[in-house]
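All remarks here apply to the structure that follows.
The values are calculated or read from the model by the stated rules, or taken from the named source; none is laboratory data. In this text, all values refer to a predicted model and were calculated from it rather than measured experimentally. Cβ: placed from backbone, ideal geometry, glycine included. Neighbour counts: every protein chain shown.
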């Protein structure tokens with residue numbers, strides 16, 4: 001098969017991106033543009049097709065891939081694996097960029113919009129806190145701990161030290177369940193009701209915990 005540079009302009013992914021809306025291009029062509037070039041006997045489009053096929057055509061599965069999984073694909077070395085990983089991370093950050101400092105939290109949907117893209121594909125539990133002012137505007141968000149597949153240990157000190165430092169009026173606790181089961185575990189209830197609520201009393205921020 002001829003190299004992409006020998007193709008007609010209307011067939012080259014990069015030229016198609018320039019002449020068409022990016023949303024028109026299939027994922028394999030976008031991956032080809034990210035990869036930039038092919039390898040021996042394989043065009044960048046071939047490699048993009050191979051990468052997508054390796055994960056069943058799913059961008060979600062590709063986004064969860066470890067660099068070692070990408071490097072296992074013929075033609076994808078450390079540099080290309082890093083490029084793909086970086087491009088997907090940019091996509092995640094773009095998804096949450098509207099959630100800026102000063103955004104007002106009005107309900108669970110606002111919390112999900114801010115933290116959902118960060119947490120939904122994580123393979124370990126992560127414990128996050130949103131720190132709010134008296135008008136429920138976000139001062140900062142902070143990842144407190146990264147745990148195991150089904151648990152994440154947290155100490156009240158780690159939760160409330162940033163609250164005091166930023167003069168937060170209230171806070172919202174959130175963590176993911178990589179298993180996909182949203183029901184709170186006994187450990188979740190222990191952290192929320194016993195540890196964190198006791199810490200809240202000590203910090204003068206006590207409010208009955210609510211399930212979002």
request  = Return a yes/no flag: does the range 41-50 have any residue that is modelled with pLDDT of 90 or more and under 21 Å from the mean Cα position of the chain (by Cα).
outcome  = no
In the range 58-68, the residues that are assigned to a loop (DSSP other than H, G, I, E, B) and either surrounded by 14 or more Cβ atoms within 10 Å (Cβ to Cβ) or more than 19 Å from the chain's Cα centre (by Cα) (or both) = 64, 65
query = Quick one: which of 84, 73, 34 is under 27 Å from residue 119 (Cα atoms) and free of Cβ contacts under 8 Å to residues at least 40 places away in the same chain?
reply = 73
key: the range 43-56 - residue that is touching a helix residue (DSSP H, G or I) at 6+ places or on another chain (Cβ under 8 Å) and outside any helix (DSSP H, G or I) and, of those, surrounded by the most Cβ atoms within 10 Å (Cβ to Cβ)   = 43
request  = Take the range 57-74 and flag every residue that is touching a helix residue (DSSP H, G or I) at 6+ places or on another chain (Cβ under 6 Å) and within 18 Å of residue 27 (Cα to Cα).
outcome  = 63, 70, 73
inquiry  = Of all residues being exposed (fewer than 15 other Cβ atoms within 10 Å of the Cβ) and in contact with a helix residue (DSSP H, G or I) (Cβ under 9 Å, 6 or more places away or on another chain) in the range 95-115, which is modelled with the lowest pLDDT? Just the residue, please.
reply    = 98
